[in-house]
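The numbers here are math on the coordinates, done by the rules we state, and not lab data. Computed from a prediction, not measured in an experiment: that's the story for all the values here. Note that each Cβ is placed from the backbone with ideal geometry, even for glycine, and that neighbours are counted across all protein chains shown.
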Amino acid sequence: MKVSICKLTFNDIKLAPRYSEKIRGYLGSKYSEIDILHNHVGDRFIYRYPLVQYKVISNTPMIIGINEGANIVANIGVKDDEMILDGLKYNLFQKEIIKSSFDFGCAEDYVEYKFVNPWIALNQKHIKEYKSSNKIEQEEILKKILIGNIISMAKGVKYSVDERISCWINLKEKEVMLKGIKHIGFTGSFKVNFIIPDYLGLGKSVSRGFGAVIRR
């Protein structure tokens, strides 16, 4: 299967990773009528895989649009020449807009990826189980969650997973802050028999940039 992806990169500004949420808030407020940018209808959150994802990679902000989100992100790249974040105006003169189609889905061979932003894998239920388990059990828990995240991502882009997904992981814990709360994040790499385009996110808070992967 092919998925349409637009990557909008702002090469002339450098920001800390926490600014991905601020960019999401700014554009979500500016274009509040476009729910795909913020995944809300009024005060109600829409539970779905985010088709617009805001990221800061190596201090460079970018926005990823997937399928329906690709054209929306491309239009933002064409129209918007400034952003206001924390009361400061940022001029956007060096924008790079790349829109193309990429392979997505089950693969015959393993493909290796690394997380370029921490992966937030554990929900409240998983945290208790994870903390009470030994290292081998923890690895199995994370592998199951990773496969579940990939299946959720596939559903979000309307891809039907009809083959067994298996994976290998090499991860380290990393404390991360999300909405002022400490979470266990994970960095490192994994191999899986599934093709994931670069910079798509897995796990919790994907729209805020967490869990972004690239092929190694």
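So what's the angle, to the nearest 10 degrees on a 0 to 90 scale, between helix 19-30 and the longest Cα principal axis of the chain?
50 degrees
Does region 65-128 come out rounded, prolate or oblate by the C-alpha gyration tensor, with a ≥ b ≥ c the root eigenvalues, rounded set by a/c under 1.5 and, if not, prolate when a/b is larger than b/c and oblate if not? It would help to have the intermediate numbers written out before the result.
On the way: a/c = 2.67, a/b = 1.41, b/c = 1.89.
The shape class here is oblate.
Obtain the nm distance between the two label points defined at residue 32 and residue 189 by a simple spin-label model: each point lies 7 Å from its Cα along the Cα-to-C-beta direction.
Each label point lies 7 Å from its Cα, and together they span 4.6 nm.
Hey, can you rank 30-38, 203-211, 107-115 by average C-beta count inside 10 Å, highest first?
Working: 30-38: 15.7, 203-211: 23.8, 107-115: 14.0.
Peptide ranking by packing, descending: 203-211, 30-38, 107-115.
Once a ≥ b ≥ c are taken as the square roots of the eigenvalues of the Cα gyration tensor of region 2-101, is the result rounded (a/c under 1.5), prolate (a/b larger than b/c) or oblate (a/b not larger than b/c)? Don't jump to the answer; show the numbers that get you there.
Working: a/c = 1.64, a/b = 1.15, b/c = 1.43.
Judged from the Cα gyration tensor, region 2-101 comes out oblate (a/c at least 1.5, b/c at or above a/b).
Tell me the Rg and the Dmax, in Å, that the Cα atoms of region 104-215 produce.
Every Cα atom of region 104-215 included, Rg and Dmax give 13.4, 41 Å.
Which angle between 0 and 90 degrees, to the nearest 10, do you get for helix 135-156 versus the longest principal axis of the chain when only C-alpha atoms count?
Taking the Cα atoms of the chain, the angle to 135-156 is about 50 degrees.
At a Förster distance of 35 Å, what's the computed FRET efficiency of residue 123 paired with residue 94, Cβ-Cβ distance as r, to 0.05?
0.35
Could you tell me which of the pairs 131/182; 30/172; 114/182 are separated by over 26 angstrom between their Cα atoms in the structure shown? Display every interim value, and only then the final one.
Details: 131/182 15 Å; 30/172 38 Å; 114/182 22 Å.
30/172, as the Cα separations exceed 26 Å there.
Could you calculate the FRET efficiency of residue 109 with residue 59 from 1/(1 + (r/R0)^6), where r is the beta carbon distance between them and R0 is 30 Å, rounded to 0.05? Can you show the working numbers first?
Values: r = 34 Å, r/R0 = 1.12.
The calculated FRET efficiency here is 0.35.
Under a crude label model (7 Å from the Cα following the beta-carbon direction), how far is residue 45 from residue 172 in nanometres?
My value for the distance between the label points is 3.0 nm.
Using only Cα atoms, locate the centre of region 35-91 and the centre of region 106-131, then give the distance between them in Å, rounded to an integer.
24 Å
Could you name the aspartates and glutamates in cross-link range of residue 95, using Cα to Cα under 18 Å and dropping any fewer than eight places away on the same chain?
By straight Cα distance, residue 95 reaches 12, 80, 81, 82.
So what is the calculated 222 nm ellipticity per residue for the chain, using -39500 (n - 2.57) for each DSSP H run with n of 4 or more, over all residues, to the nearest 500 deg cm²/dmol?
Working: 4 runs with 54 residues, N = 216.
Rounded to the nearest 500, it is -8000 deg cm²/dmol.
Between 149, 91, 67, find the one with the highest GNM mean-square fluctuation for the chain; connect C-alpha pairs within less than 10 Å.
Between 149, 91, 67, it is 91 that shows the largest mean-square fluctuation.
Based on the Cβ-Cβ distance of residue 75 and residue 152, what FRET efficiency does E = 1/(1 + (r/R0)^6) give at R0 = 25 Å, to the nearest 0.05? The partial results should precede the final answer.
Details: r = 27 Å, r/R0 = 1.08.
Once the sixth-power term is evaluated, E becomes 0.40.
Mind checking which lysines have their C-alpha under 20 Å from residue 155, skipping anything on the same chain fewer than 8 residues away?
Here the lysines satisfying the reach criterion relative to residue 155 are 2, 143, 144, 204.
Can you work out the base-10 log of I(q)/I(0) for region 32-83 at q = 0.20, 0.23, 0.29 1/Å, using the Debye formula on its C-alpha atoms alone?
-0.78, -0.96, -1.19
How large is Rg/Rh for the chain, to two decimals, with Cα atoms and a Kirkwood Rh?
Details: Rg = 17.2 Å, Rh = 17.9 Å.
Expressed as Rg/Rh, it is 0.96.
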